[in-house]
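The values are calculated or read from the model by the stated rules, or taken from the named source; none is laboratory data. What you see is a predicted model, and the numbers here were worked out from it, not measured in a lab. Here Cβ is always computed from backbone atoms with ideal geometry, including for glycine, and neighbour counts include all displayed protein chains. The area values use the complete protein model at the heavy-atom level, side chains included, leaving out ligands, DNA and RNA. Shrake-Rupley method; radii C 1.70, N 1.55, O 1.52, S 1.80 Å.
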Protein chains: 2
Amino acid sequence: MTYAELNTPLRTIMTPGPVEVDPRVLRVMSTPIVGQFDPAFTSIMNEVMEMLRKVFQTNNEWAFPVDGTSRSGIEALLCSMIEPGDKVLVPIFGRFGHLLTEICERYEADVYTMECEWGEVFDEQEVINEIQKISPKITAIVHGETSTGRIQPLQKIGAACRELDVLFVVDAVASIAGTEIKVDDWFIDGIVAGTQKCLSVPSGMSPITYNERIEKVIAARKKVERGISTAEDRENEIERDHPIIKSNYFDISMLQDYWGPRRLNHHTEATSMLYALREGLRIVLDEGLETRFNRHRIHEQALMAGIESMGLGLFGNPDCKLPTVTCVKIPDGVDAESVRCMLLNEFGIEIASSFGSLKGKIWRIGTMGYSCRKENILFTLGALEAVLIRHGVNVHTGKALQAALDSYTMVGKESIGQ
Amino acid sequence: MTYAELNTPLRTIMTPGPVEVDPRVLRVMSTPIVGQFDPAFTSIMNEVMEMLRKVFQTNNEWAFPVDGTSRSGIEALLCSMIEPGDKVLVPIFGRFGHLLTEICERYEADVYTMECEWGEVFDEQEVINEIQKISPKITAIVHGETSTGRIQPLQKIGAACRELDVLFVVDAVASIAGTEIKVDDWFIDGIVAGTQKCLSVPSGMSPITYNERIEKVIAARKKVERGISTAEDRENEIERDHPIIKSNYFDISMLQDYWGPRRLNHHTEATSMLYALREGLRIVLDEGLETRFNRHRIHEQALMAGIESMGLGLFGNPDCKLPTVTCVKIPDGVDAESVRCMLLNEFGIEIASSFGSLKGKIWRIGTMGYSCRKENILFTLGALEAVLIRHGVNVHTGKALQAALDSYTMVGKESIGQ
């Protein structure tokens with residue numbers, strides 16, 4: 001049996017990820033590869049580290065991708081830090097807070113959680129109070145929660161953590177390169193990003209950065225793999241009085257030896273994905289962080305104006321809305337999945353449903369990276385209106401696109417391409 | 001500061017991985033992506049599962065890639081099987097046997113090892129005797145050991161494991177799609193492959209397959225993630241009397257729910273890498289497994305003939321030579337790294353050094369996947385001769401290429417393209 005060549009449809013992807021990949025990123029992925037220890041490749045590794053520092057707005061020495069999808073970076077960072085019995089505080093305001101909890105529990109942390117209603121975020125002081133009460137080793141929190149479309153302010157929590165000698169770990173998978181994150185200014189000790197959202201690179205890598213406070217914790221658990229360790233390595237390990245990191249793949253002490261000057265073989269770096277990440281970062285830095293964040297905001301505003309003018313409601317507290325995800329209340333009596341299917345099948349547009357208690361209650365529309373451009377916003381609004389009419393919903397016809405166009409005019413940015 | 005566009009040299013990659021990527025694979029990587037739950041994508045996921053079954057020569061239901069480099073698949077399989085205190089037997093005949101040991105120990109297995117000299121493999125009966133003595137839950141072994149260039153016969157060990165109710169796990173990262181592996185006929189319960197070697201796909205995915213014997217072990221530890229679990233899921237988990245799997249990312253019970261009909265969100269599948277894997281598998285199946293294995297053998301023979309005619313020695317027991325890796329003894333007094341550097345810098349050819357006790361003693365030359373073709377073999381032999389002469393080595397000049405050409409003529413395969 002012979003298989004046909006790959007033949008995929010071209011979609012307008014308006015989910016909160018994976019989103020459309022920048023064509024320049026797609027192009028570099030077809031570059032012939034070089035070997036992992038070829039100086040031509042290790043210099044690309046070093047360059048990616050440098051570019052990541054800029055995007056994370058940090059002076060940390062360590063900034064590199066973990067070779068896996070977004071949650072691989074989260075697990076790598078947490079499992080390299082957590083020793084059994086360590087207290088971890090996880091404030092939860094959506095699905096991905098639960099994921100943090102889940103990972104910490106598996107690595108036998110003593111996990112404390114606090115929850116707020118989905119659609120809200122925490123008052124920073126509330127979290128600080130809890131940190132003071134519990135005195136955790138780590139506070140781990142999501143920055144942009146895609147499941148509810150909310151963004152958590154972090155700076156005061158970060159400052160308090162630093163003062164109280166608590167390690168502050170942030171999941172910025174949905175916010176990196178789409179909205180402001182200042183790792184050093186916000187006192188974030190370790191942070192994890194994803195590639196398939198605002199970076200507009202395919203899924204498969206998870207960039208992380210962490211400072212010397214976390215490095216110290218990890219160094220105490222350092223291990224060099226048998227089969228490549230030297231006598232000196234083995235001698236150093238005799239003095240280790242902290243347990244080694246449970247995972248080999250996610251052992252950051254070993255990733256450091258691979259990304260650092262020692263270049264000790266651990267895995268074989270995912271060459272083409274690194275090419276893609278480099279190009280994605282290059283595009284972000286070329287556009288400029290401020291310009292890029294502003295662009296995301298402009299398209300989000302146009303989308304929201306269109307949605308509301310149609311007569312649909314937006315979900316969640318607007319004061320803490322994540323600029324890269326817009327949650328739309330599903331009108332009563334509408335078959336939410338039928339609407340999504342018709343959008344995909346007739347218009348080639350993908351929007352997202354949601355998780356857990358929000359399943360069937362909201363649709364989620366992303367405005368992320370390369371997907372976040374005027375023609376996509378306008379096409380999605382027009383299509384959604386048509387599909388809702390087809391589903392018998394009483395929308396204000398003809399208003400959505402006018403409102404979106406007005407929104408673009410108001411910011412005087414008609415010419416913004418992407 | 002602006003960064004320049006990606007600009008890499010074109011190399012002849014003759015290491016045991018990562019090797020040159022098939023141009024057709026590179027091309028599909030620049031395909032625009034679709035969403036992870038788009039029917040256009042889930043049908044590709046199903047197709048990849050089907051193709052993997054054929055390449056693994058198995059009827060197993062479960063065959064899918066883990067999103068990470070090769071060792072991620074090894075860790076996923078082992079950590080989903082191992083509960084603390086489980087006995088695991090690891091026969092070690094090179095560096096990657098040590099990796100298996102290392103992973104098992106981290107997950108608190110009670111690890112038993114047996115070692116043979118690097119350059120040899122085990123007599124199967126010797127391993128079976130040890131299995132009978134120890135009665136492990138799992139026997140884990142490497143099939144093709146890239147560090148020493150040896151291949152371990154597996155069928156009798158597999159049959160004995162099945163008879164003794166031991167789970168048999170194999171690391172086939174360096175052998176898959178380059179030399180025969182019959183998962184079902186050899187009684188292999190779980191097996192792990194890599195993409196960046198004989199599949200000629202970039203590094204970044206690790207295809208695995210396992211049968212119902214392993215599925216049963218994993219099902220007893222099943223967990224559905226908080227934030228997406230149903231009331232029924234949580235009820236089922238109350239009855240679980242085995243510990244949950246330590247890693248979230250590598251929890252195969254969750255990967256199954258993502259790759260299976262339930263399509264429960266776990267990670268976001270690495271879209272472009274899956275496109276690449278599909279194309280790599282398509283090419284393998286189109287060439288045909290037997291033809292492909294034969295092609296690897298033909299080029300290996302030509303390479304060995306050239307090396308020996310030059311007057312260089314081959315390392316290791318020839319009876320168990322891995323057809324995809326040829327280990328060359330470094331002549332006395334030669335600066336091995338200087339030779340490798342000159343090959344790279346003057347000829348653009350990369351060959352590999354080795355690990356541990358073999359470091360400085362052997363070079364390793366791969367004949368894998370797309371790199372394994374006549375012009376690469378001939379270019380490498382010619383270049384190596386020239387570089388060795390330049391390093392003052394007394395080689396038999398002019399013999400290597402003649403011997404390689406003769407080798408090709410002898411098998412009557414002058415026209416073999418790749």
Distances from A:GLU239 to the same residue in each other copy, label points 7 Å out along Cα→Cβ, in nm, shortest first? 5.4
Tabulate in residue order the Karplus-calculated ³J(HN,Hα) for the range A:85-98, using 6.51 cos²θ - 1.76 cosθ + 1.60 with θ = phi - 60°, rounded to whole Hz; enter x for Gly and Pro. x, 4, 7, 10, 9, 10, x, 10, 10, x, 4, 7, x, 5
Calculated from backbone phi, Karplus (6.51, -1.76, 1.60) coupling profile of the range B:321-336 in Hz, x at Gly/Pro: 6, 6, x, 9, 9, 10, 9, 10, 5, 6, x, 3, x, 8, 7, 4
Would you mind checking which residues have amide H under 5 Å from B:LEU89's amide H? H placed 1.01 Å from N; only 5 or more apart, or other chain. B:TYR112, B:ILE138, B:THR139, B:ALA140
Under the convention of a label 7 Å out along Cα→Cβ, give the distances in nm from A:GLU108 to the same position in every other copy, shortest first. 0.5
A 1.4 Å probe over the protein heavy atoms gives the protein assembly as shown a carbon and sulfur accessible-area percentage of 48
Accessible surface, per residue, of chain B when the full set of protein chains is kept, probe 1.4 Å, Å²: 34
Can you bin the protein assembly as shown into rounded, prolate or oblate? Criterion: square roots of the alpha carbon gyration tensor eigenvalues sorted a ≥ b ≥ c, rounded for a/c under 1.5, prolate for a/b above b/c, oblate for the rest. prolate
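Summing both sides, how much accessible area is buried between B and A? Use a 1.4 Å probe and give Å² to the nearest 100.
It comes to approximately 7300 Å² buried between B and A.
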How about the range B:62-78: which of its residues lose at least 40 Å² of accessible area in the presence of all protein chains relative to their chain isolated, using a 1.4 Å probe? B:THR69, B:ARG71, B:GLU75
Can you list residues from other chains, or at least 5 along the same chain, whose modelled amide H is less than 5 Å from the amide H of B:VAL66? B:SER206, B:ILE208
For the range B:22-283: lysine pairs with Cα atoms under 16 Å, gap of 8 or more or different chains, count? 7
P(r) tail fraction, the range A:21-283 - alpha-carbon pairs more than 26 Å apart, %: 39
Sequence order, the range B:41-54: Karplus ³J(HN,Hα) from phi using 6.51 cos²θ - 1.76 cosθ + 1.60, θ = phi - 60°, Hz rounded, Gly and Pro as x, gives 8, 5, 6, 5, 4, 5, 5, 4, 4, 5, 5, 5, 4, 5
Have a look at the DSSP beta bridges in chain B and tell me what percent are antiparallel, nearest 5. 50
